[in-house]
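**Student:** The structure that follows is given in the form of structure tokens.
Just so it is clear, none of the values below were taken in a lab; they were calculated from the coordinates. Note that the structure is predicted; figures quoted are calculated from it, not measured.
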């Protein structure tokens, strides 16, 4: 092989080594990013489940309160009608 061929092989080898190193670094960064996204998604899921349980509890309490309020309103209207 001639000298230019050796130089070309060396340049390509260096370029390949640099590309491989950058690929490994990028892969490590992507794995870290994916773990952080997974942690955030897990936190959001837990928060959504907690909000859902709170809403369920509130709806169990507010439904009877609304019904009781309507019944009291009817009793008050009926008692006002009898008072006249």
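**Student:** Can you grab the distance from the C-alpha centre of segment 61-83 to the C-alpha centre of segment 26-47, Å, no decimals?
**Tutor:** Centre-to-centre distance over Cα atoms comes out at 52 Å.
**Student:** Angle check, please: helix 3-83 long axis (alpha carbons) against the longest principal axis of the chain (alpha carbons), in degrees 0 to 90, nearest 10.
**Tutor:** 0
**Student:** Rounded to whole Å and sorted largest first, what semi-axes of the equivalent ellipsoid does the C-alpha gyration tensor of the chain yield via the square root of 5 times each eigenvalue?
**Tutor:** They are 79, 11, 5 Å, listed largest first.
**Student:** For the chain, what is the mean residue ellipticity at 222 nm derived from helices alone (per DSSP H run of n ≥ 4: -39500 (n - 2.57); sum divided by total residues; nearest 500 deg cm²/dmol)?
**Tutor:** Details: 1 runs with 81 residues, N = 84.
Theoretical 222 nm ellipticity from helices: -37000 deg cm²/dmol.
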